[in-house]
Amino acid sequence: MSEGHPAAGQGEWRRTPPPLLRPGVVHVWRIRIDGVATAADWAVLSPEEDGRARRFFAERHQRRYVVAHANLRRILSAYAGMAPNELAFRTGQYGKPELVGAPSATLVEFNLSHSGDLALVAVARDRPVGVDVERWNDRVEHIELATRFFSPVERDALQRLAPSHADVVEGFFSAWSRKEAYLKASGHGIARGLDHFDVSLTPGQPARILRDHLDDGAPSRWTMTALAAREGYSAALVAAKPVDEILLFDAT
Ligand SMILES: CC(C)(COP(=O)(O)OP(=O)(O)OC[C@H]1O[C@@H](n2cnc3c(N)ncnc32)[C@H](O)[C@@H]1OP(=O)(O)O)[C@@H](O)C(=O)NCCC(=O)NCCS
């Protein structure tokens, strides 16, 4: 797949069961997290997840967390060949959750993101993946936030969209989701800051890692793809190359 172009297979979100996850293929699952958290959802959580869920102050945030993590377990259980409540996770070197304990032939790499009423889970068998979804917020100071957090190249690109507020909102959340997905793929999170690399953000242009000032080879090792998660949301997937195909599935 060439940089910046949608991988083969990306398009509609399907409700059909996924085919076998082959090397070079990434499955992305979309989960609606605006519904109620059922007893069955609570039942598959680990004691740690249950405890974390109970510490949420807002019922809405608790519900979204429980539905997202219960569905994450159900999704991964099908790949790992284990019951959802038997899956075990550990935190990687930089805080990225990883699946452990499954037979090596069924181990998968994954990443979770949630925003508003949606969660996304990316799954690959043989390569690190990072996914991020961001619900658009019209009321934040987009240019000001970009000045604080984005790279100079990204700030300039966003400034050029200023004549259209709609373009600024879309450009800002495209950049945000692409930056987060990249940081989440490597697992580094925001520990190394957000302004040492440039991503594309202009509406209508392909998602790309333009340059990483701390890692010259990054654009040739990682592929970045924008995902059409839902109207009013930006989402991006980053995976180690080569990625031949990205398949999209609805979990709920
Ligand atoms: C935690 C972080 C990895 C992502 O946070 P986020 O975008 O707020 O949240 P998301 O929903 O996309 O991702 C959270 C999930 O990522 C996973 N995650 C946590 N740490 C991770 C890491 N270091 N690497 C990859 N994935 C990670 C977890 O599964 C987590 O789910 P949980 O909190 O329900 O257990 C990190 O990048 C962060 O704190 N970002 C701050 C947000 C920010 O300032 N963004 C500015 C962008 S311009």
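The values are calculated or read from the model by the stated rules, or taken from the named source; none is laboratory data. Note that the coordinates shown come from a computational prediction; the quantities given were computed from them, not determined experimentally. Heads up, the Cβs are rebuilt from the backbone with ideal geometry, glycines too, and the neighbour counts pull from every protein chain shown. Heavy atoms of the whole protein, side chains included, go into the accessibility calculation; ligands, DNA and RNA do not. Shrake-Rupley method; radii C 1.70, N 1.55, O 1.52, S 1.80 Å.
The table for this structure:
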| item | result |
| --- | --- |
| Where the Cα pairs of the stretch 136-252 fall when distances are cut into 10 Å bins, in % | 13, 47, 32, 8 |
| Helical segments meeting 15 Å axial Cα length and Kyte-Doolittle -1.0 threshold in the chain (DSSP H) | 59-80, 165-186 |
| Loop-located trypsin sites (Lys or Arg not before Pro) in the stretch 104-152 whose Cβ has at most 13 other Cβ within 10 Å (DSSP) | Arg139 |
| Whole-number D in µm² s⁻¹ for the stretch 25-250, Kirkwood Cα-pair radius fed into Stokes-Einstein, 20 °C, 1.002 mPa s | 118 µm²/s |
| Gained length - Gln205 relative to Trp13, 0.36 nm times residue gap less alpha-carbon distance | 67.0 nm |
| Relative contact order (percent, whole number), the stretch 156-213, Cα cutoff 8 Å, 6+ residue spacing | 32 percent |
| Three-way shape label, the stretch 1-149, alpha-carbon gyration tensor, a/c 1.5 | oblate |
| Distance (nanometres) between label positions extended 7 Å along Cα→Cβ at Ala78 and Ala39 | 2.6 nm |
| Area accessible to solvent at Tyr94, 1.4 Å probe radius, in Å² | 110 Å² |
| Length-normalised contact order for the stretch 22-79 - Cα pairs under 8 Å, 6+ apart - percent | 44 percent |
| The stretch 166-180 and the stretch 192-220: distance between their alpha carbon centers, rounded to Å | 13 Å |
| Mean Cβ neighbour count within 10 Å, used as a protection proxy, ranking 185-197, 216-228, 62-74 highest first | 62-74, 216-228, 185-197 |
| Calculated FRET efficiency for the pair Ile190/Gln159, C-beta based, R₀ 30 Å, to 0.05 | 0.85 |
| Fraction of beta bridges assigned by DSSP in the stretch 25-250 that are antiparallel (%, nearest 5) | 85 percent |
| Relative contact order [Cα under 8 Å, 6+ residues apart], the chain, whole percent | 28 percent |
